[in-house]
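Enquirer: My questions all concern the structure below.
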Amino acid sequence: MKKLLPIPVLLLTVAVFAQNGYEIKVTLKPFKNEYIYLGHYSGKQYPIIDSVKLNDKSEGVFKGPKKLGGGIYLIAYPAKNNFFEILIDKQQHFSVAADTATLKKQKDFINSPDNLLFNTYQSYMADKGKEIDIARRNLTAAATAKDSIHWNGQLKKWIQPFLPIEEISSHKIPIVFSALYFI
């Protein structure tokens, strides 16, 4: 009987230290001593699911006991007049640091490779957005199969570098990128 006692103790220890819920550490400059909000896309609405008051160093932690559903979330500014997007999937314990002055060019993520890839994708798409929009319109208006093949090829050429399905097939990122491609 004494030999079996360590097994339940070990299981209890593992359960206590397992990552439960979510914990997203945020540094968002220049805001200090103000609330920021974590929201989730839900149709045309953005329901707020959490809020946190930033400290004097512009730091705060969104934290909850239950894991969040996977998808694209947003972190909204104090006035709720602007936001930036993050991905949440399997990894729900990570950090993000950003400054609103350089937000479009730089967001630093720690312990979230999904968000590093998503951030790279968003930057690339911002640069290529006009070209992609023109190609989508031309594809829709294509009169011949040859035109359709050409414009579809152009779209795939611009988007394909962000569909490394074999590298991250266990994540929802390829699904998100594929969905964005066909929007």
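Enquirer: Quick one: is residue 114 modelled with pLDDT of 80 or more, in contact with a His (Cβ under 9 Å, 6 or more places away or on another chain) and either surrounded by 11 or more Cβ atoms within 10 Å (Cβ to Cβ) or basic (Lys, Arg) (or both)?
Expert: Here the answer is yes, as residue 114 does meet what is asked.
Enquirer: Considering only the range 35-69, how many residues are under 16 Å from the mean Cα position of the chain (by Cα), among the basic types (Lys, Arg) and not in a loop (DSSP other than H, G, I, E, B)?
Expert: Within the range 35-69, residues that are under 16 Å from the mean Cα position of the chain (by Cα), among the basic types (Lys, Arg) and not in a loop (DSSP other than H, G, I, E, B) number 0.
Enquirer: What is the residue count in the range 96-141 for residues that are within 27 Å of residue 22 (Cβ to Cβ) and of a type in the set (Gly, Ala, Ser)?
Expert: 4
Enquirer: On to the next question. Looking at 156, 80, can you tell me which residue is exposed (fewer than 14 other Cβ atoms within 10 Å of the Cβ), of a type outside the set (A, V, I, L, M, F, W, C) and not assigned by TED's automatic domain parsing to the domain that holds residue 40?
Expert: Going through 156, 80 in turn, just one is exposed (fewer than 14 other Cβ atoms within 10 Å of the Cβ), of a type outside the set (A, V, I, L, M, F, W, C) and not assigned by TED's automatic domain parsing to the domain that holds residue 40: 156.
The values are calculated or read from the model by the stated rules, or taken from the named source; none is laboratory data. If you're wondering where the values come from, they're calculated on a predicted model, not measured in any experiment. Every residue, glycine among them, receives a Cβ derived from its backbone with ideal geometry; neighbour counts consider all protein chains shown.
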